[in-house]
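*Asks:* Got a structure here, written out as structure tokens. Questions coming.
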Amino acid sequence: MAAQFNAPLRQTIQPNAAAIFPAAFPPDPYGIIFHEPETGVFRLASPSALGLVDFRRRCCCRRGMPYATYAVEVNGNLAISEGGTVEPISIALVVDEEQAPTGIITISPTAAEEFWSIGRSIIVTVPAICRCSTVSLRNISTQPVDLVNANIQIRPQLLR
């Protein structure tokens, strides 16, 4: 089961700012995806944060480092904000403050306020040595962009 966050209303996202999402519906049933409503940052728990790894009893270097993986999928409609310059614009899934190379979405609208449907999915790996990793959807363009009907789903995949 996935935690799903929807932002149906049109929002203008400034350069280097994250898209804002209200609370999840339904709430995360596992208690491993943390999100403060009306923010754009999601925290994904690691095996150690969940109490599933005890480093005092297990040497991770011999058996491989335990980790959790999450499938993160985003979609919505993106456009250049009113009055903006017509040029390619980009939005990206950002993991731990770094753009995920496969999470970058670039579109080339021919006019401001011309919405394009976007979508992308990535896999995020959270090693046990970390308490959690963060994920956000961020405007990486040099100008403001508009996002409407945004949806982000975060689905735990496996724990190793």
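*Asks:* Identify the residue in segment 109-122 that is assigned to a strand (DSSP E or B) and aliphatic (A, V, I, L, M) and, among all such residues, is nearest to the chain's Cα centre (by Cα).
*Replies:* Filtering segment 109-122 for residues that are assigned to a strand (DSSP E or B) and aliphatic (A, V, I, L, M), the one nearest to the chain's Cα centre (by Cα) comes out as I122.
*Asks:* Kindly list, by first and then second residue, each pair from a residue in segment 128-151 that is on the phi < 0 side of the Ramachandran plot and without any contact (Cβ under 8 Å) to a residue 60 or more places away in the chain to a residue that is surrounded by fewer than 17 Cβ atoms within 10 Å (Cβ to Cβ) and not in a strand (DSSP E or B), limited to pairs with Cβ atoms under 8 Å and residues at least 6 apart or on different chains.
*Replies:* none
*Asks:* What is the one condition in (1) more than 21 Å from I32 (Cα to Cα); (2) assigned to a loop (DSSP other than H, G, I, E, B); (3) in contact with a Phe, Trp or Tyr (Cβ under 9 Å, 6 or more places away or on another chain) that V148 does not satisfy?
*Replies:* Exception for V148: condition (2).
*Asks:* Now for a separate question. In the list T69, T125, T106, which residue meets the criterion of being hydroxyl-bearing (S, T, Y), under 13 Å from the mean Cα position of the chain (by Cα) and assigned to a strand (DSSP E or B)?
*Replies:* The unique qualifying residue is T125.
*Asks:* Checking Q99 against (1) under 11 Å from the mean Cα position of the chain (by Cα); (2) assigned to a loop (DSSP other than H, G, I, E, B), which single condition isn't satisfied?
*Replies:* (2)
*Asks:* To continue, here is another question. Return yes when T134 is farther than 23 Å from T39 by Cβ and of a type in the set (S, T, Y) and no when it is not.
*Replies:* no
*Asks:* What are the residues in segment 86-108 that are without any contact (Cβ under 8 Å) to a residue 24 or more places away in the chain and polar (S, T, N, Q), if any?
*Replies:* The answer is T102, T106, S108.
*Asks:* Another one. For segment 77-92, enumerate the residues that are under 24 Å from the mean Cα position of the chain (by Cα) and of a type in the set (S, T, N, Q).
*Replies:* N77, S81, S90, listed by residue number.
Readers should treat all values here as calculations from the given coordinates under stated rules, not as data from a laboratory. Nothing here was measured: the structure is a model prediction, and the numbers come from that model. Using ideal geometry, Cβ is built from the backbone for each residue, glycine included, and neighbour counts are taken over all protein chains shown.
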